[in-house]
1. Label residue 58 and residue 175 with points 7 Å out from Cα along Cα→Cβ: what is the distance between them in nm?
2. Report the full-extension gain for the segment residue 309 to residue 168: residue separation times 0.36 nm, less the Cα-Cα distance, to one decimal in nm.
3. Excluding residue 186 itself, calculate the net charge of residues whose Cβ lies under 14 Å from the Cβ of residue 186, where each Lys or Arg counts +1 and each Asp or Glu counts -1.
4. Starting at the first residue of segment 225-236, write each ³J(HN,Hα) from the Karplus equation 6.51 cos²θ - 1.76 cosθ + 1.60 with θ = phi - 60°, in whole Hz, x for Gly and Pro.
5. Return the subset of 200/246; 64/260; 91/297; 131/217 for which the Cα-Cα distance in this structure is over 28 Å, preserving the input order.
6. Compute the distance from the alpha-carbon center of segment 56-98 to that of segment 177-211, in whole Å.
7. For segment 160-249, divide the Cα radius of gyration by the Kirkwood radius and give the resulting Rg/Rh value with two decimals.
8. Please list 85-93, 281-289, 234-242 highest first by mean number of surrounding beta-carbon atoms within 10 Å per residue.
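Where a number appears in this text, it was derived from the coordinates with a stated rule and is not lab data. These numbers were taken from a predicted model, which means no experiment stands behind them. Positions of Cβ are backbone-derived with ideal geometry, glycine not excepted, and every protein chain shown enters the neighbour counts.
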Amino acid sequence: MKIKALKWLSTVPVAVVMAVSLAACGGGTAAPSGTSTDALAGSDQQTLDKYTTKDVTALDKIDKSKLGLITPGTLKVGTLSDAPPNIFIDKDGNFTGYDNELLKAMAAKLGLKVEFASTKFQGLLAQVKNKQFDVGSSSISTTDARRETVAFTNGYDFGYMAIVTKDDAKVKSFDDLKQGVRIGVVQGTVQDDFVTNTLKLEPVRFPDYNTVYANVKSGQIDAWVAPSQQAEGQVKSGDGTKIAEKKVNTQNFTAYAVAKDNQPLTDALNSALDAVIADGTWTKLTTQWYTDRPTIKEQTPEGWKPGSKAVQVPTK
C-alpha cells in the first residue's frame, strides 16, 4: 500500500493567539453552543451505544466502486502535523502517529491507498463535509455538535484530559482552574468546550498545539488544558514544564470523520476497523503508541471497547 504526504491542500496562516469565540470544529458557528458537557464526568455507555453499530458488513461484501472517494482507490485524509503521538509528521517527512497508522492498517484491509494532507484542526470537519477530504483523522472527539456537521465511524479510542503548567506553577489540578487563571486551549477542541461551557471561563485560544505549548513555557498562560496524548508528546525533559494532572475522558469516544452523505464509506471503515481489532493490530498499535496503556484493562477503561458491538478485543 502506497502512503504519500501531499501538499494538494494549502492552509491559510492564522494569528498566534486567536481572540475569537469557540467554533466547533468545522461547525460553522461563531460561538459556543451553550450546552454544558462535562468531559471529565466519565463514560455514559448508554449514550455511546446508540452511535455504535451492532455489527459490520463482511469485508468481502464491500463494493469499493461505491465508496464515493475523491479519487477512486485512494483515501484522501486530512490530518494534523504537530500532535504526537497521535497525528504528526516524522523526521523523514511521513505522516504517522497512532491514529494515522491505524487508518493505514484499515485501508490495507480494504485494498485502498492513503494520501495525507496537513490542515488545521478548527477547519478539518468543514473540509470533510465539503469533500476536500474523504476522511478526517485527528483524534476527533465525537460530540453531538460535531455530528451535525459530519458522520463518524465507530470509536477506536478514548482519551484523557490533562493540565500542563510550568514546574513552579500555582495551578496543580483541574480544581485550580478558576477566574483569573490564564487558561490556554486549542480552538475548536473539546478542551475549549470544557473550559468555556463547563467551567464557564474564557480561555485564551490558539491555532495549534505547538503554539499553545510555547505559551506555557514562556509564561504567557498559566495552564494548558490539553488532550493528554498531545500533552505527553509536547512536554520534554528540561522544558521547565509538567503534566500537573490528567483524568480519563470517555464521555465521547474518538473516531474518524466522514461526510454525512457517504454512508458506504463509513460502513467500509467500520468493517475495516473491526478487522484490525479482531486480528490484534489495534492492540499492537495501542500498546506501541500509548506506553502508559500496556494492558487490555488500561486500553479499555470503564467497559469501553473499540469497534462495533460484535467485535471482540483479543485478550492476548
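1. Reported label-point gap for residue 58 and residue 175 is 5.6 nm.
2. Details: separation 141, 0.36 × 141 = 50.76 nm, distance 4.55 nm.
Stretched out fully, the residue 309 to residue 168 stretch lengthens by 46.2 nm.
3. Details: positive: 120, 205; negative: 82, 192, 193, 208.
Computed value for this residue: -2.
4. Listing the rounded values in order: 8, 10, x, 4, 4, 6, 4, 4, x, 8, 5, 10 Hz.
5. Details: 200/246 20 Å; 64/260 18 Å; 91/297 33 Å; 131/217 37 Å.
Distance filter (> 28 Å) returns 91/297; 131/217.
6. 29
7. Details: Rg = 11.3 Å, Rh = 12.5 Å.
Checking Rg against Rh, the ratio lands at 0.91.
8. Packing order, densest peptide first, comes out as 281-289, 85-93, 234-242.
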